[in-house]
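Here's the structure, in structure tokens; my notes come after.
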Amino acid sequence: MPHARILIRPKAGILDPQGVAVEQALPQLGFQPAENVRIGRLVELDVADATELEAICDKLLANPLIEDYEIQVDA
Amino acid sequence: MPHARILIRPKAGILDPQGVAVEQALPQLGFQPAENVRIGRLVELDVADATELEAICDKLLANPLIEDYEIQVDA
Amino acid sequence: MRVGVVQFPGSCDEVDALLAAERAVGAGNAELLWHRDRDLKGVDAVVVPGGFSYGDYLRAGAIAALSPAMESVAAFARDGGPVLGICNGFQVLCEAGLLPGTMLMNVGRRFVFRQVELDVVAADTAWTRATRRGQLLSIPAKHQTGRWYAPDETVERLVADDQVVFRYAAGDNYNGSSDGIAGVCNAARNVVGLMPHPEHAVDPLTGSADGLLLFRSPLEAAGVA
Amino acid sequence: MSPDPATTLPAPRELAPGIVPVGEAPGVEAAVGLGLTRDEYALVVEKLGREPVQVELAMFSLMWSEHCAYKHSKLLLKTLPTEGPALVLGPGENAGAVDVGDGWTVAFKVESHNHPSAVEPFQGAATGVGGILRDIFALGARPIAVLDALRFGEVEDSDRSRFLLDGAVRGIGHYGNSIGVPNIGGDVYFEGPYETNCLVNAMALGLLRQEKLMLSAATGVGNVVVLFGASTGRDGIGGASVLASAELGEDDADKRPTVQVGDPFEEAKLVECTLELLDKGLLESVQDLGAAGLTSSASEMASKGEVGLDLDVALVPRREAGLEPFEVMVSESQERMLCVVTPDRVDEVIAITDKWDVHGTAIGVVTDSRRFRVYDGDALVGDMPVPALVDDCPLYEIHPQKPAGGPAEIYPAPVARIAGGTPVRDALLALVGSANVADRRPLFEQYDPVVQSRTVRRPGQADAAVLMIPGPAGRRAVVGGLAGPTDIAALEAAEGSGPESGAPIPGVGVSIDGSGRRVAADPYTGTVWNVLECAANLACVGAEPLGLTNNLNFGNPEKPHIAWQLTESVRGLGDACRATGAPVVGGNVSLYNEGTTGPIYPTPVVGMVGKVPDVTVTAPLGFQRHGDAIALVGS
Ligand SMILES: Nc1ncnc2c1ncn2[C@@H]1O[C@H](COP(=O)(O)OP(=O)(O)O)[C@@H](O)[C@H]1O
């Protein structure tokens, strides 16, 4: 079964409170400040038919109104 | 600023109820069954100093008891 | 006896914990400790309350565990001071390395509020001296990330060392915690964490007063009761 | 960090005569695209004495929308009774309020978030809760409870309705649970007419000392307008995007998110910060940013205070680059508040917003011009008379006509789920297992009903929820401030109150109801029923009604039969209020609720608050003891 990895990110312009929280925490912990911190989801799975992945993302894994996704299938 | 991507996954052997739910939902939605579905987190950020990333993961982004992480820094 | 309750941005149950502590140790003897302050104001016991510290973003309790106040709480705990972590506070103590294990998402994936029965497994910790072993306490639980987890070897060691403090009564382990464990303590038995909320069980009018026993326990240790 | 006020605070600007805002007028077709009629556009031109430029057109289209101007309902709402012995604050402010005794006031209001929830149920419902909570603490009240009224299509048959139900419930839970406000009740129905237009109404209650009540009128020429809370992004701009300049091509269209994302953590800090600012007496007035964002909150504050405002959009903190001035003015980014502060207190106010991490920024100033002037740095980009924006939208009479064929003409018959002749035993099981009758526990179990230590009767325990007022937490907040030590037990002992004293403990009962099917069958009687059901629920916990809030969820009022439903329903609401002695303290109207399958059932949701003299004697639901007598009261 092909192994696939799906990266799901908040759409540009959508509020990402988690990213903001991490961005604020880093300097408080003594790290150098970071920018553009965005927190999303990582879905990894083995699928019988990799051509279905796009439909699976649209229908189940991602919320197209607020998230973008990127599909990576292992060769 | 270098752009980095951190993939955080639930450790093998730990029950991932979200992954199980996806596995169960797929055939119900008419897709081929999938296996080993695991849901983790994706953190993307621009950092001043990429050598700090491992410490950032250990201290803040991941919990080593339950999660593994992988750091990818854009060239 | 004075009790301090740590207040993080996003704490929800800190005032409830404060009131619960006051009912147990006497009015005027509890106060809030601001997350940015290292000063614990000379309190004799610390409660890390429930809620959604720092929004629970990233991972429940992860950011709060690194706050200035928690640095002081860790030192206080190492010196043997009684520390109680409730729900999110339990998660904070685990993240801070003061208690074993960590919390995962409930097996049912949802936030669930339910009045549960807690079985007291260890009645000799700083926060359970006023209870009896085997006593059942009616206490509300409410969380989405409350499945306490530790690797099997750790669970075995905790059981052997009598560090399991509470278990869910049969049928009440809705989050799927390892071995039905609802609360644990550290090796020195002064730091206790539990998922259910004893501070919401201190008045029969609102459902139960069983939780008061926890808040009275540090008094017994101090020989005040 | 704190700036030198003399050099950096916004000050009223001199405007040379004849200066008009920069930019082209988008024109009448753009106005129609934004929802104004041609006649309304002509009226705007008349009021301005010229065609509106981009920022002005965006602002007028929002302020003159049904949502802000109540153009089709205002005349009817005027018929409702709004006076009562316990009334503290009637309709017109962020929420209404009643006196519950001992100087304690309970503020409450219900509001709908139907459309956003139909698009994205989780965020739509969550931000609905966030919005109604802001209305409450903007008055200076600490939010103490949330209730929710939900309507979906038939979940037994519809995947879509199950998805909406699941998302809405999780969203409501997420926001309320995270912010530490208990959810103490609600109702839910599953009926065909809601299939393509679900309803998500949220109600909130807040507690305050009457003397601390804060109104929203902007006052004091030269006072500074401070924005605090979340930064501003493109949330909820969708409709206004017809105004976007051409450089944003087709491809970029989907980069404009229309969904507002809620952040309960930000709001939790906002609550504490706002209440601390008010407690310290640092604000002249405060208002939340809701629908229509800065546009409506700023212009309503100016209108109530009969003043003008100069506001500089370049000073508004942004979440993303490239926002145009009109986008800043109409953005519906959540978790923001606007307050008016005297210049000498700005530093102190900003320091407190910094303490709570909800950084305040001075963005404008109160003027005596009675005009709302919008600047983008040095450029004037909008200049409108405040009364034209807020008060001059035309109000429309509606034209009711009873449908000749009765409700059957409008609504298909409900699906029969139990066939005739089914054995009683099977029929009973099917009935108790059906969506509209089944136990609601799986739903309300996703909400925290006990936080704040006030809840004496929570969902599933009685016909109405019961809260102690003020309850130990409320009393402590007032006596010593939450951060300071306070001797509650000593206070209770002195007063002879407290749990062990045996003295009565006062409280309130709250209920929310609104069967749409009943109202569809007979709008007048059905609405009376809804109010009476609320009152009866209160009676069951020993509460005497003090006031009610309502959310009128209806279809398109320009259609005669919907106009008839609305007219009859409001008549019923008024009569029932007079009969129960509970005035209307506020509410909300949600019209045009029509999906592809026609209008929703007319659904006036009623939320009622009553006073409970002693919560220690409120009876729970259900038979309590073997051998107790059972009596039926009433005829
Ligand atoms: N949407 C909801 N949110 C919170 N609680 C709810 C909701 N729907 C129902 N409940 C609670 O479930 C219980 C039963 O509701 P319902 O069947 O409508 O009872 P009733 O007819 O007595 O009002 C009540 O306590 C009610 O407050």
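Yes/no matrix, rows are residues, columns are (1) under 30 Å from D:T596 (Cβ atoms); (2) away from the ligand (no atom under 16 Å from the Cβ); (3) surrounded by fewer than 12 Cβ atoms within 10 Å (Cβ to Cβ):
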residue	(1), (2), (3)
D:I363	no, yes, no
D:T367	no, yes, no
D:H399	yes, yes, no
D:V415	yes, yes, yes
D:L429	no, yes, no
D:A435	yes, no, no
D:A438	yes, no, no
D:E445	no, no, no
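Each residue in region D:184-198 was checked for being closer than 19 Å to D:A438 by Cβ and either within 13 Å of the ligand (Cβ to nearest atom) or crowded, with 24+ Cβ neighbours inside 10 Å (or both), and 8 pass.
Is at least one residue of region D:333-341 small (G, A, S), free of Cβ contacts under 8 Å to residues at least 60 places away in the same chain and within 30 Å of A:V37 (Cβ to Cβ)? Taking every residue of region D:333-341 in turn, none turns out to be small (G, A, S), free of Cβ contacts under 8 Å to residues at least 60 places away in the same chain and within 30 Å of A:V37 (Cβ to Cβ). Across region A:1-32, the number of residues qualifying as of a type outside the set (A, V, I, L, M, F, W, C), in contact with a strand residue (DSSP E or B) (Cβ under 8 Å, 6 or more places away or on another chain) and within 14 Å of chain C (Cβ to nearest Cβ) comes to 5. Give me the residue from region D:505-522 that is within 14 Å of chain C (Cβ to nearest Cβ) and within 16 Å of D:P545 (Cβ to Cβ) and, out of that set, farthest from the ligand (Cβ to nearest atom). Among residues in region D:505-522 that are within 14 Å of chain C (Cβ to nearest Cβ) and within 16 Å of D:P545 (Cβ to Cβ), the one farthest from the ligand (Cβ to nearest atom) is D:P506.
Looking for something modelled with pLDDT under 95, open to solvent by 40 Å² or more (accessible area, probe 1.4 Å) and part of a helix (DSSP H, G or I) - is there at least one such residue anywhere in region C:78-95? Yes, region C:78-95 has at least one match.
Of the residues D:L552, D:L546, the single one that is in a strand (DSSP E or B) and open to solvent by 10 Å² or more (accessible area, probe 1.4 Å) is D:L546. Residues in region C:47-74 that are among the small types (G, A, S), surrounded by 24 or more Cβ atoms within 10 Å (Cβ to Cβ) and more than 10 Å from chain D (Cβ to nearest Cβ): C:A60, C:G61, C:A62, C:A64, C:A65, C:S67. When we screen D:V44, D:V110 for residues that are in contact with a strand residue (DSSP E or B) (Cβ under 6 Å, 6 or more places away or on another chain), closer than 20 Å to D:S296 by Cβ and at pLDDT 95 or above, the only hit is D:V110.
Restricted to region C:29-42, and to residues there that are touching a Ser or Thr at 6+ places or on another chain (Cβ under 7 Å) and crowded, with 16+ Cβ neighbours inside 10 Å, the residue that is nearest to A:Q28 (Cα to Cα) is C:H35.
Checked against the criterion of being more than 16 Å from the ligand (Cβ to nearest atom), open to solvent by less than 20 Å² (accessible area, probe 1.4 Å) and away from every other protein chain (no Cβ under 14 Å), region D:113-128 has no qualifying residue. Scanning region D:133-164 for residues that are over 13 Å from the mean Cα position of the chain (by Cα), surrounded by 24 or more Cβ atoms within 10 Å (Cβ to Cβ) and either of a type in the set (V, I, T) or assigned to a helix (DSSP H, G or I) (or both) yields D:I144, D:L164.
Here is a check on your reading of the model: is D:I172 more than 14 Å from the ligand (Cβ to nearest atom), hydrophobic (A, V, I, L, M, F, W, C) and within 14 Å of chain C (Cβ to nearest Cβ)? In short, no. The residues of region B:33-57 that are more than 7 Å from chain A (Cβ to nearest Cβ) and in contact with a Pro (Cβ under 6 Å, 6 or more places away or on another chain) amount to a single one, B:A50. Here B:I71 fulfils each of the conditions (1) surrounded by 19 or more Cβ atoms within 10 Å (Cβ to Cβ); (2) more than 8 Å from chain A (Cβ to nearest Cβ) apart from (1). Can you find even one residue in region D:227-234 that is outside any loop (DSSP other than H, G, I, E, B) and not hydrophobic (A, V, I, L, M, F, W, C)? For region D:227-234, residues outside any loop (DSSP other than H, G, I, E, B) and not hydrophobic (A, V, I, L, M, F, W, C): present. Comparison of D:T549, D:T525 shows that the only residue that is within 26 Å of D:P407 (Cα to Cα) and polar (S, T, N, Q) is D:T525. For region A:11-25, a residue qualifies if it is buried (at least 20 other Cβ atoms within 10 Å of the Cβ) and either under 21 Å from B:L53 (Cβ atoms) or in contact with a Cys (Cβ under 6 Å, 6 or more places away or on another chain) (or both), and the qualifying residues are A:D16, A:Q18, A:G19, A:V20, A:A21, A:V22, A:A25.
The values are calculated or read from the model by the stated rules, or taken from the named source; none is laboratory data. Computed from a predicted structure; not experimentally measured. As a convention, Cβ positions derive from the backbone with ideal geometry for all residues, glycine included, and neighbour counts pool all protein chains shown. Ligands, DNA and RNA are excluded from the accessible area calculation, which covers all protein heavy atoms including side chains. Shrake-Rupley method; radii C 1.70, N 1.55, O 1.52, S 1.80 Å.
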